[in-house]
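Below: the structure, in structure tokens.
Please treat every number below as a calculation from the coordinates, not as lab data. Treat the numbers as computed from the prediction; the structure is a model and nothing was measured. As a convention, Cβ positions derive from the backbone with ideal geometry for all residues, glycine included, and neighbour counts pool all protein chains shown.
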């Protein structure tokens, strides 16, 4: 039989995009954990003091969501 590059025993074939997404997620989490100081933040609904880790994780989540929406829309066209 020909070897198609997959692991024997039903292993998964992991793409480069998946690995890159995992690396970026780890970098985001490390960056957030290293920045736990409190800071005054101007939110849409007002201004208050919160931990930078919250701001970083919310920003990362919003960025991921926007990327996911754009990717999904591009595939439909």
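Which of the three applies to the stretch 16-76, rounded, prolate or oblate, going by the alpha-carbon gyration tensor with a ≥ b ≥ c and a/c under 1.5 meaning rounded?
Taking the square roots of the gyration eigenvalues as a ≥ b ≥ c, the stretch 16-76 is oblate.
So how do 52, 20 line up by other beta-carbon neighbours within 10 Å, fewest first?
20, 52
With the contact rule set at Cα under 8 Å and sequence spacing of 6 or more, what percent relative contact order holds for the stretch 16-76?
Rounded, it is 25 percent for the stretch 16-76.
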